[in-house]
1. Positive end of the dipole of the chain, charges at C-beta (+1 Lys, Arg; -1 Asp, Glu), about the Cα centre: which of Tyr210, Tyr61, Ala233 has its Cα farthest in that direction?
2. What does the charge dipole of the chain about its Cα centre add up to, to the nearest 20 debye, if the Cβ of each Lys and Arg holds +1 and the Cβ of each Asp and Glu holds -1?
3. Mind scanning Lys72/Lys166; Lys260/Lys295; Lys152/Lys295; Lys166/Lys226; Lys252/Lys295 and naming the pairs with a C-alpha gap bigger than 19 Å?
4. Between Rg and the Kirkwood Rh of the chain, both from Cα atoms, what is the Rg to Rh ratio?
5. Which percentage, to the nearest 5, of the DSSP beta bridges contained in the chain is antiparallel?
6. Quickly work out the Lys294-to-Ala58 label distance, labels modelled 7 Å from Cα along the C-beta direction, and quote it in nm with one decimal.
7. Could you please report the charge total around Tyr176, scoring K, R as +1 and D, E as -1 over all other residues with beta-carbon less than 13 angstrom from its beta-carbon?
8. Hey, can you find the accessible area per residue of segment 127-196 for me, probe 1.4 Å, expressed in square angstrom?
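The values are calculated or read from the model by the stated rules, or taken from the named source; none is laboratory data. No experiment lies behind these values; they were computed from the predicted model shown. We place every Cβ from the backbone using ideal geometry, glycine too, and count neighbours over all the protein chains shown. Just so you know, the surface numbers come from the protein's heavy atoms only, side chains and all, with ligands and any DNA or RNA stripped out. Shrake-Rupley method; radii C 1.70, N 1.55, O 1.52, S 1.80 Å.
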Amino acid sequence: MEKDQKPEISVIIPVYNVEQFIGRCLTSLVEQTFRDFEVIAVNDGATDDSPMILHHFAEKYDFIKVIDQPNKGMSEARNVGMRAASGRFFSFVDGDDYVSPTFLEELYRACVDNSADIACCYYYFHFIENDFLFEYPFRCKGVLSGSEAMHKLLRDVQIQSLAWNKLYRRELFMDYDITFPNMTFEDMATTTRVFSHASRVVVIDRPLYYYNQRSTSTLATMNTNKINDFIRATAMVRASLEKSGLYEKYKKSYQALLRKTCNCCYLYVLKVHTEKKCMRGCMENMRRVSRALKKYSTDDCRVADLLGNLPDVVASPEQFAKDYSVR
């Protein structure tokens with residue numbers, strides 16, 4: 001790629017305290033069979049040796065660019081990366097993961113050859129402690145219309161609301177001013193908005209991404225704040241469908257998402273109370289989850305009007321214990 005020529009793909013990597021993993025992540029990008037791309041690595045105020053590793057790679061490879069900023073969270077790091085990116089397509093890779101050598105080439109060819117706006121692949125769970133790979137099992141493949149892809153995305157099985165196993169035309173983000181919200185489960189809150197503007201989506205039935213399962217991952221460290229963000233993200237999905245006039249079209253698939261969310265939240269609530277060794281309030285939290293999600297499924301609820309004022313649903317075990325002691 002010539003120095004002043006815009007790359008076909010911009011790979012955006014948020015980086016925060018992943019010194020054990022970022023070297024392998026960047027090496028997997030250096031070894032890509034597709035060469036017309038840039039890497040925008042955003043150092044989100046890391047306090048370990050991640051910045052040193054990033055700058056070492058940037059000095060060695062001119063297609064790797066590093067942006068240093070104070071810690072603002074993964075969402076803002078991705079947003080900063082998008083603003084700095086110049087590629088025709090965007091890809092997101094997390095700094096503690098890595099990709100197959102053909103990751104970019106296969107996704108790019110799938111988009112270009114099929115005039116698609118988004119290409120998706122599958123992934124491996126890489127369990128770090130025993131170096132075990134597990135291939136994500138629930139799959140589909142082929143060229144889908146935007147409507148078919150949205151139904152599958154909302155059901156969150158064959159196409160999941162993950163930012164990082166996909167390639168997107170930049171216009172899907174930039175033309176509609178789509179950014180990642182500052183919350184947990186930000187992918188779910190964002191991906192539906194992006195897919196709503198896609199005319200065609202390609203799914204490659206091959207795992208090309210390696211998702212490292214860590215003890216500090218979101219699902220491994222669930223707490224009440226994260227559960228509330230999960231519920232809030234589900235509400236934001238409906239709000240985005242309402243705003244684009246698509247809710248009625250995708251209502252059944254959205255309700256399937258709510259059922260899945262409800263079951264997951266029940267398990268997360270039980271996990272949080274068990275870990276705190278305080279079961280007081282556990283059943284009440286589950287009832288709160290059920291009431292909130294049932295509300296979001298009703299026809300007369302205009303969730304779009306509630307955005308910016310979506311309250312917490314689940315309370316912490318400590319709060320239940322405190323409230324009980326005051327009585």
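1. Ala233
2. Values: 43 positive and 43 negative charges, 344 e Å.
In debye, rounded to 20, the chain gives about 1660.
3. Values: Lys72/Lys166 24 Å; Lys260/Lys295 15 Å; Lys152/Lys295 23 Å; Lys166/Lys226 24 Å; Lys252/Lys295 15 Å.
Check vs 19 Å cut-off fails for Lys72/Lys166; Lys152/Lys295; Lys166/Lys226.
4. Values: Rg = 20.3 Å, Rh = 20.8 Å.
Over the Cα atoms of the chain, Rg/Rh equals 0.98.
5. Once the DSSP bridges in the chain are tallied, antiparallel ones form about 40 percent.
6. 5.3 nm
7. Values: positive: Arg169, Arg170, Arg193, Lys243; negative: Asp117, Glu171, Asp175, Asp177.
Taking every other residue near Tyr176 into account, the sum is 0.
8. Values: 3270 Å² over 70 residues.
That works out to 47 Å² per residue.
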